[in-house]
Amino acid sequence: MTPPPPSAIAAQRVFLDGGFHAATVHIAHGRIAAVTDFDPDAQTVLPDDAVLLPGLVDSHVHLDEPGRTEWEGFATGTAAAAAGGVTTVVDMPLNSSPVTTSPDALAVKRAAAAGKLAVDVAYWGGAVPENLGALHPLFQAGVVGVKCFLSPSGIDEFGHLDPAQLEAALAELAAFDGLLIVHAEDPAHLHADGPLGVRYEDFLASRPPESERDAIRTVIAAARRTGARVHIVHVSDGAALADVAAAKADGVRITVETCPHYLTLDAAEVPDGAADHKCCPPIRDRANQDLLWAGVVDGTIDAIVSDHSPSTVALKTEPDFGLAWGGIAGLQTGLSAVHTAALARGIALEHLIPLMTTGPARIAGLGARGTIAVGRPAHLAVFRPGASITIDAADLEYRNPVSPWHGRTLTGLIETTYVHGEPVYRRGEPVVARPGREIIAAIEEEAA
């Protein structure tokens, strides 16, 4: 029998105000009612090897439902989130069908999500050539922002924007301060059309860093001219961060994210035919990874999110890198993978947590999510930072058991996840509850 939700959780290390402190977190009606001194007699007292974290926020997740539920889905995807300590996700406008480029399509997606959410879910809309000039109704319907591609998305019904269309979208969004998030690769530099063979180096050469760098410069210039807010998703080219830092210093309203696979996986170690490592833009070399970590440390990078983009086993076991689906399944393993790599670099856990909580929450306009504070939803994760776990893809909550971390031993594991104060996940057990709620129009009260 599932035990009742706790009324108080005490730990010697609770992540509060940017650091770890001994404290007791009191919970009432799904919210944090008080934070007091450590009470050894609290209803739940964590062991000394565990820390209490705010639930993670992942603002880049492809849940693929409706239309491609065989790839993932609200039920399996949000279960994987809970197992990874993630209590809020923002769903991408593709690879679902219909793509979320109209209020009607958003309504279809919301209907598909009903009753399936283990964690809270917000929604991105899409900006495509066909809906330019009609983006505001999407925001009025409840999306937190709109996504565009500057190169082909891989989904025929989600077309990419050329530079003039990008400028038009930003001018339209600037009028009501809407956010545009951008897949930034310049198609002029891309050479991935058709079979490439099994060698990863050939796929890597087909999507050179110049593509990403030039596209990011295009976005910066358009954002500077229009005054619009922009966010660059899944930055893999560490050298591009210099342009981002300079733009921020100039007052351009730009934020950027990177992903666990870029921070932890090395192109030199990708085996032939290992398409579970294929993503766009691609995993690059160790020297590039060093630049990304420098951006994590110096604050140029605003968030670390999964870009969880799974597909069927058949599409991910196709050995030709030109033909396999490009997307990493990483929602459940993100914190463990990043923490493992950070330990090797001497980077403390308290430096990572904001990048996986308040950073993505701020980008998506989700208020104070990702914090442990009075009045906030009781979204919490119990993490054992010193424990080891060997990843077996078959044990993950994804619909399809594929992971580039399969067989790797990582340091740090999620023990328990609470959503609205309710224990949703305990390690070694299936997800036991579905208390997740929708977040509409980035108004925190909508999740109450």
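Laid out as a table, the results:
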| quantity | calculated |
| --- | --- |
| Selected from 388, 366, 291, residue furthest toward positive end of dipole (region 241-397; charges at beta carbon) | 366 |
| Rough spin-label spacing in nm, given labels placed 7 Å along Cα→Cβ, for residue 249 and residue 314 | 5.3 |
| Region 10-128 - percent relative contact order, Cα under 8 Å, separation 6 or more | 21 |
| Amide H contacts under 5 Å for residue 14, placed H, 5+ residues apart | 21, 22, 23, 52 |
| Accessible surface of the chain, 1.4 Å probe, proportion on carbon and sulfur as whole % | 52 |
| Student exercise, region 1-142 dipole from Lys, Arg, Asp, Glu Cβ charges, in Debye to nearest 20 | 340 |
| Pairwise centroid distance, computed over Cα atoms, of region 5-33 with region 186-223, Å | 45 |
| Residue with peak Gaussian network fluctuation, the chain [Cα springs, cutoff 10 Å], from 389, 372, 363 | 389 |
| Extended-chain gain in nm, criterion 0.36 nm per residue less alpha-carbon gap, residue 225 and residue 140 | 28.1 nm |
| Efficiency of FRET from Cβ geometry, residue 297 and residue 21, R₀ 25 Å, rounded to 0.05 | 0.60 |
| Residue order for 68, 207 - accessible surface, 1.4 angstrom probe, largest first | 68, 207 |
| Region 240-319 and region 145-164: distance between their alpha carbon centers, rounded to Å | 19 |
| Assigned charges on the beta-carbon of Lys, Arg, Asp, Glu; region 83-161 dipole about Cα centre (debye) | 180 |
| Length gained when the stretch residue 388-residue 343 is fully extended (0.36 nm per residue, less Cα-Cα span) | 14.9 nm |
| Debye, to nearest 20: dipole size of the chain, +1 on Lys, Arg Cβ, -1 on Asp, Glu Cβ | 680 |
| Relative contact order [Cα under 8 Å, 6+ residues apart], region 79-143, whole percent | 40 |
| Extreme residue, positive dipole direction of the chain, given options 88, 270, 216 (C-beta unit charges) | 88 |
| Residue-averaged 222 nm ellipticity for the chain, from DSSP H runs of 4+ at -39500 (n - 2.57), nearest 500 | -7500 deg cm²/dmol |
| Note, ³J(HN,Hα) from phi for region 398-407, Karplus 6.51, -1.76, 1.60, rounded to Hz, x at Gly and Pro | 4, 5, 10, x, 10, 7, x, 8, 4, x |
| The chain - share of DSSP beta bridges that are antiparallel (%, nearest 5) | 50 |
| Label point distance in nm, residue 427-residue 155, each placed 7 Å from Cα along Cα→Cβ | 3.4 |
| Overall form of region 92-141 per C-alpha gyration tensor (a/c, 1.5; a/b vs b/c) | prolate |
| Where Cα atoms sit under 30 Å apart: lysine pairs in the chain separated by 8 or more or lying on different chains | 10 |
| Between helix 334-345 and the chain: long-axis angle, C-alpha atoms, 0 to 90°, nearest 10 | 90 |
| In order through region 73-81: 3J(HN,Hα) via Karplus (6.51 cos²θ - 1.76 cosθ + 1.60), integer Hz, x for Gly, Pro | x, 4, 5, 6, x, 6, 5, 4, 4 |
| Of 73, 154, 30, the one that fluctuates the most in a GNM where the chain has Cα springs shorter than 10 Å | 154 |
| Net length gained if the chain between residue 438 and residue 201 were fully extended (0.36 nm per residue, minus Cα distance) | 81.2 nm |
| 3J(HN,Hα) from dihedral phi, region 261-270, Karplus parametrisation 6.51/-1.76/1.60, rounded to Hz, x for glycine, proline | 5, 6, 8, 10, 10, 10, 3, 5, 9, 7 |
| Taking the chain and dividing mean pair separation by its residue count, relative contact order in percent (alpha carbons under 8 Å, at least six apart) | 21 |
| Residue-normalised accessible area of the chain, expressed per residue, 1.4 Å probe, Å² | 35 |
| Virtual spin-label span in nm between residue 176 and residue 409, 7 Å along Cα→Cβ | 5.4 |
| Theoretical FRET efficiency, 1/(1+(r/R0)^6), r = Cβ-Cβ of residue 110 and residue 217, R0 35 Å, to 0.05 | 0.45 |
| Shape of region 70-204, Cα gyration tensor, a/c cut at 1.5 | oblate |
| Quotient of C-alpha Rg and 2.2 N^0.38 Å, computed over the chain | 0.92 |
| Cα-based shape type of region 168-252, given that a ≥ b ≥ c are square roots of the gyration tensor eigenvalues and the cut on a/c is 1.5 | prolate |
| Paramagnetic reach from residue 286 in region 325-343 [backbone N under 20 Å; point 7 Å along Cα→Cβ] | 337-343 |
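The values are calculated or read from the model by the stated rules, or taken from the named source; none is laboratory data. These figures come from a predicted structure and were not determined experimentally. When we count neighbours, we look across all protein chains shown, and the Cβ atoms used for this are built from the backbone with ideal geometry, even at glycine. Side chains included, ligands, DNA and RNA excluded: accessible areas come from the protein's heavy atoms. Shrake-Rupley method; radii C 1.70, N 1.55, O 1.52, S 1.80 Å.
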